[in-house]
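What follows is calculated from the coordinates using simple rules that are stated; it is not laboratory data. Note that the structure is predicted; figures quoted are calculated from it, not measured. FYI the Cβ positions are ideal-geometry reconstructions off the backbone, even for glycines, and counts take in every protein chain you see.
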Amino acid sequence: MQIGIAYSEPGQQIWLNIEVPDTATVQEAIDRSGILKQFPHIDLSAQKVGVFGKLAKLDAALRPGDRVEIYRGIICDPATVPRKDMDEDD
């Protein structure tokens, strides 16, 4: 079955479409994608993962068309960062 793997860093986003066995888990899909070789600093023991925006465990089963997402930690407190007004001209 085909699934997607998504990961984003400041200035760089990656989306991979890969083929995995019908019994694949989130962990197996991430391993098969090669994304851990591309981004060796990804630490799946510390970083959260999800499927279509919902947190998932590494042993969660996948379904055809799922999008596996690897999340980065928040590096600042969102409550202290001023929000940009969408109507504001730059």
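For Leu55, Leu62, Leu16, what's the fewest-to-most ordering of other Cβ within 10 Å of each Cβ?
Values: Leu55 11, Leu62 21, Leu16 17.
With the fewest neighbours first, Leu55, Leu62, Leu16 line up as Leu55, Leu16, Leu62.
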Among region 7-38, those whose backbone N falls under 20 Å of a label point 7 Å along Cα→Cβ from Ser45 are 26-32, 35-38
One point scatterer per Cα, no solvent, Debye formula: log10 I(q)/I(0) for region 2-74 at q = 0.22, 0.26 Å⁻¹ comes out as -0.95, -1.36
